[in-house]
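A.B. asks: Below is a structure I'd like to ask you about.
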Amino acid sequence: MVNVNEFIDEKVAEISEAVGDANAVIALSGGVDSSTAAALAYEAIGDQLTPVYVDTGLMRKGETEEIRETFDYMESLRIVDARERFLDALAGVTDPEEKRHVIGEGFIREFETVANEVDADYLVQGTIYPDRIESEGTIKSHHNVGGLPDVVDFEGIVEPMRDLYKDEVREVAHALDLDELVAERMPFPGPGLAVRIIGEVTEEKLDVARMANHVVEEELAEHEPWQALAAVLGKATGVKGDNRVHGWVVAVRSVESRDGMTARAQEVDWDTLQRIQSRITAGHDNVSRVVYDVTHKPPATIEYE
């Protein structure tokens, strides 16, 4: 395990040296990775840092409002409404890797726009070690690693936590006195709900995914999973009232893990699963059934795309 105090001192010095007298923007999602990176960068360069949260339209229920409340002490916080731009760019895209590259490019272009406004030469990211391993191998591209476009208009990209696992990031977050809700927050993918939707991202699928993920996180909180989620898979027949429907199939997934590199499907009691399916099928007129994913990683990944 990392010596957190030595790590913090080392990374604060590293960020300060890398950025120097220039300005930097940081990609802030509100998750533990980007929040910890933001705290390190703020300690290193103070007002030279502009945190940027991009509302892609692919976020969890209430995410943007929570970001605004949690980080309102950062006077330079920018909240960018890019929902229309991201959904337009994703229209017709069905391949998982292409989705990640579209989203990665979209993020970078939004950060470049803000960087030009605040005259920032550097981009700080909360990339961690599993992101790099999976992107540099053949598993998947992360939006902030393998999903980056070939041409990036920054003098440098600073990734202070690139060698840490998730549990080590949480230790650093606690040492930096980040709010418990942030330090222990369940992982959420950078590309958001787009990778919890099989095939093309549409407004209806997003509505279903957002509702279902909210239900799953609420119902499974007491089970303390490493990560819990809901994914929209496709359509199947069902019956609602007196009508036969061809509605969405939602998969529920809950896993236990240390670092996300491997994971085991969590055993969830039948009553909890029934509450989840009841709330999800009642939460949208066009959801016909709910299934529970019992596959470990490997052979599966934690997310669906």
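The values are calculated or read from the model by the stated rules, or taken from the named source; none is laboratory data. Since the structure is predicted, the reported quantities are computational estimates derived from the model, not experimental observations. Here the Cβ is made from the backbone with ideal geometry for all residues, glycine too, and neighbour counts use every protein chain on show. Remember, those area values only see protein heavy atoms, side chains included, never the ligands or the DNA or RNA. Shrake-Rupley method; radii C 1.70, N 1.55, O 1.52, S 1.80 Å.
A.B. asks: I'd like the Kirkwood hydrodynamic radius of region 263-305, using the inverse of the mean 1/r over distinct C-alpha pairs, in Å.
C.D. replies: Values: mean 1/r = 0.0842 Å⁻¹.
Evaluated on region 263-305, it is 11.9 Å.
A.B. asks: Jot down the per residue volume, in cubic angstrom and as a whole number, of the convex hull over the alpha-carbon atoms of the chain. Could you put the intermediate results ahead of the total?
C.D. replies: Details: hull volume 38.8 nm³, N = 305.
Convex hull volume per residue, Cα atoms: 127 Å³.
A.B. asks: Here's another thing I want to ask about it. For a quick check of understanding: with a 1.4 angstrom probe and all protein chains in place, what accessible area in square angstrom does residue 246 have, to the nearest ten?
C.D. replies: 110 Å²
A.B. asks: Heavy atoms only, probe 1.4 angstrom, no DNA, RNA or ligands counted: give me 129, 53, 122 ranked by accessible area, highest first.
C.D. replies: Heavy-atom accessible area, descending, gives 129, 122, 53.
A.B. asks: Between residue 264 and residue 162, how many nm apart are label points set 7 Å from Cα along the C-beta direction?
C.D. replies: So the two model labels end up 3.4 nm from each other.
A.B. asks: P(r) tail for region 26-73, what percent of Cα pairs lie past 13 Å?
C.D. replies: Cα-Cα pairs in region 26-73 separated by more than 13 Å: 55 percent.
A.B. asks: Semi-axes, largest first, in whole Å: what does sqrt of 5 times each Cα gyration tensor eigenvalue give for region 152-268?
C.D. replies: Values: eigenvalues 216, 75, 30 Å².
So the equivalent ellipsoid measures 33, 19, 12 Å along its semi-axes.
A.B. asks: Give the carbon-plus-sulfur fraction of the accessible surface of region 1-132 in %, rounded to a whole number; probe 1.4 Å, heavy atoms of protein chains only.
C.D. replies: 42 percent
A.B. asks: Also, I was wondering about something else. Give the distance, in whole Å, between the Cα centre of region 230-305 and the Cα centre of region 44-85.
C.D. replies: With region 230-305 and region 44-85 each reduced to a Cα centre, they are spaced 30 Å.
A.B. asks: If R0 is 25 Å, what FRET efficiency do you get for residue 116 and residue 88 from their C-beta distance, rounded to 0.05?
C.D. replies: 0.70
A.B. asks: Give, as a single signed number, the net charge of other residues whose beta carbon lies under 11 Å from the beta carbon of residue 220, with Lys and Arg counted +1 and Asp and Glu -1.
C.D. replies: Result for the local shell: -4.
A.B. asks: Only bridges whose two residues both fall in region 205-305 count here: according to DSSP, what percent of them are antiparallel, nearest 5?
C.D. replies: Within region 205-305, antiparallel bridges account for around 75 percent of the total.
A.B. asks: With a point put 7 Å past each Cα toward its Cβ, work out how far residue 221 is from residue 61 in nm, to one decimal.
C.D. replies: Rounded to a tenth, the inter-label distance reads 1.2 nm.
A.B. asks: Looking at the chain, send over the antiparallel percent of its DSSP beta bridges, to the nearest 5.
C.D. replies: Restricted to the chain, the bridges split so that about 45 percent are antiparallel.
A.B. asks: Next question. At 0.36 nm per residue, minus the direct Cα-Cα distance, what do residue 73 and residue 9 gain on full extension? Give it in nm, one decimal, please. Show your work: numbers first, answer last.
C.D. replies: Details: separation 64, 0.36 × 64 = 23.04 nm, distance 2.28 nm.
Full extension from residue 73 to residue 9 adds 20.8 nm.
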